[in-house]
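Each remark here refers to the structure printed beneath this line.
The values are calculated or read from the model by the stated rules, or taken from the named source; none is laboratory data. The shown structure was predicted, so the numbers you read here are calculated from the model rather than taken from an experiment. Quick reminder, even Gly has a Cβ in these numbers, built from the backbone with ideal geometry, and neighbours come from all protein chains shown.
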Amino acid sequence: MLQYTYMKTSFAIIIGISLLPLFTGAAGGPIMISSLSEGFVITGEQDTLPIGGTIAKGFWDGPILKLGGQLIVSASTDSKQISQGVEQVFPSLRPAGKYGFGIVLDANVLRSKTEVPLTVRVEAKNSNGMVIAYTEVHGTLQPKTPAPLTVALSPNTPPSAYYERGSAWNNFSAITFTAGNENVGIQQLTLTRNGGTDADLLNIQIFDGSTRIGTASSFLDGKAVISLDFLLVTPERLSKTLMIKADIDPNANTYSTENGIAIGIENSSDMRAIGMETGNIVEPTNFVPVFGNPMGIQ
């Protein structure tokens, strides 16, 4: 079975499929579609979802490959095809005398809070286009309840760089917040400084795009508590990325990038957020500290 690895974000879909091979003359059938039980993550940027299976090596080498045939894999829901037909396997993947194959599903069709019926069909055709074997399995896509709020470092966070003493509006970290099953309003963030001293940085600011939404004058014991100017709403199942900026004090110490200053969120309790529909306090789950790259001062 093909193995896939995914980031855990806001919306996961579990595929549960019973194996019902419909071949004749082959015990268990020469083609198997995997019953996938792991959570599959669909982010706001993704538009595909993989599903895997295997085909018996002898069946591929014989009736299909040697006779000029082809293997076609497709998936559909409610009679609508939601994948591209695939007409090849990947011979570099050879688990125990089998070949692995895979297809991708159109995730846009699968963005639902209810079960979605799924049919996956594999057809083996000879050189004349006649179906010589096939299997079809039926199952459902069941949306998994997402975490109420997740926090992660954005891919757009700035790389390590040197900032001049006395310079302003310097980018330190880009952090992405993703809401779960309801809109989430963020009220306050506590930022932590790693490296340097409190006196090195001034005017720690949070920006939503080009809009400044909160400021702290300085760090105190490595912490800067920033109450936002207004409730920042992250829409249900969507993400919002905030940029953390700071000024460099004219009398700041100098640091290399290796020993520089990084700013981020250290604990799940370092943010105050509420669910807009329920009014409940929301804390990120499966939280790990989120810090940008260290910045040098010269």
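Inside region 197-247, residues that are within 12 Å of Ile186 (Cβ to Cβ) and basic (Lys, Arg) make up a count of 1. Tallying residues that are buried (at least 18 other Cβ atoms within 10 Å of the Cβ) and assigned to a strand (DSSP E or B) within region 175-188 yields 8. Residues that are part of a strand (DSSP E or B) and more than 26 Å from Ser167 (Cα to Cα): does region 189-205 have at least one? Checked against the condition, which is being part of a strand (DSSP E or B) and more than 26 Å from Ser167 (Cα to Cα), region 189-205 yields no hits at all.
I'd like to know if region 279-293 contains one or more residues that are assigned to a strand (DSSP E or B), within 23 Å of Gly209 (Cα to Cα) and among the hydrophobic types (A, V, I, L, M, F, W, C). For region 279-293, residues assigned to a strand (DSSP E or B), within 23 Å of Gly209 (Cα to Cα) and among the hydrophobic types (A, V, I, L, M, F, W, C): present.
Collect the residues in region 210-237 that are over 19 Å from Trp169 (Cα atoms), more than 28 Å from the chain's Cα centre (by Cα) and in a loop (DSSP other than H, G, I, E, B), keeping them in residue-number order. Once the filter is applied, which keeps residues that are over 19 Å from Trp169 (Cα atoms), more than 28 Å from the chain's Cα centre (by Cα) and in a loop (DSSP other than H, G, I, E, B), region 210-237 yields Asp221, Gly222.
Could you tell me whether any residue of region 263-271 is out of contact with any Ser or Thr (no Cβ under 8 Å at 6 or more places or on another chain) and either assigned to a strand (DSSP E or B) or not assigned by TED's automatic domain parsing to the domain that holds Ser218 (or both)? No: zero hits.
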